[in-house]
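> Encoded as structure tokens, here's the structure I'll be asking about.
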Amino acid sequence: MARASARHILVSSEEQCNALKQEIENGRDFADVAKQHSSCPSGRQGGDL
């Protein structure tokens, strides 16, 4: 059976999105970024949906 997972980080501006994307591309952990910056309740779980 196929499985899929999704996670996201909800921010208020494209500028913030691009800055956080760059941090993740530079090696920062996605879940840590989500916990610190996401305005969605899923951020507390590292962005997991």
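No value in this document is a laboratory result; all are computed from the given coordinates. Quantities reported herein were computed from a predicted structural model and do not represent experimental measurements. Because the Cβ atoms are built from the backbone with ideal geometry, glycine has one as well, and the counts that use them run over all protein chains shown.
> Just to verify a result, which residue in the range 21-49, among those that are aliphatic (A, V, I, L, M) and outside any loop (DSSP other than H, G, I, E, B), is surrounded by the most Cβ atoms within 10 Å (Cβ to Cβ)?
ALA34
> Counting only residues that are among the basic types (Lys, Arg) and either part of a helix (DSSP H, G or I) or within 10 Å of the chain's Cα centre (by Cα) (or both), how many does the range 1-20 have?
1
> Here is a further query. State all residues of the range 1-20 that are surrounded by 10 or more Cβ atoms within 10 Å (Cβ to Cβ) and not hydrophobic (A, V, I, L, M, F, W, C); if no residue qualifies, say none.
First pass over the range 1-20, keeping only residues surrounded by 10 or more Cβ atoms within 10 Å (Cβ to Cβ): 7-11, 16-20.
Selection gives ARG7, HIS8, GLN16, ASN18.
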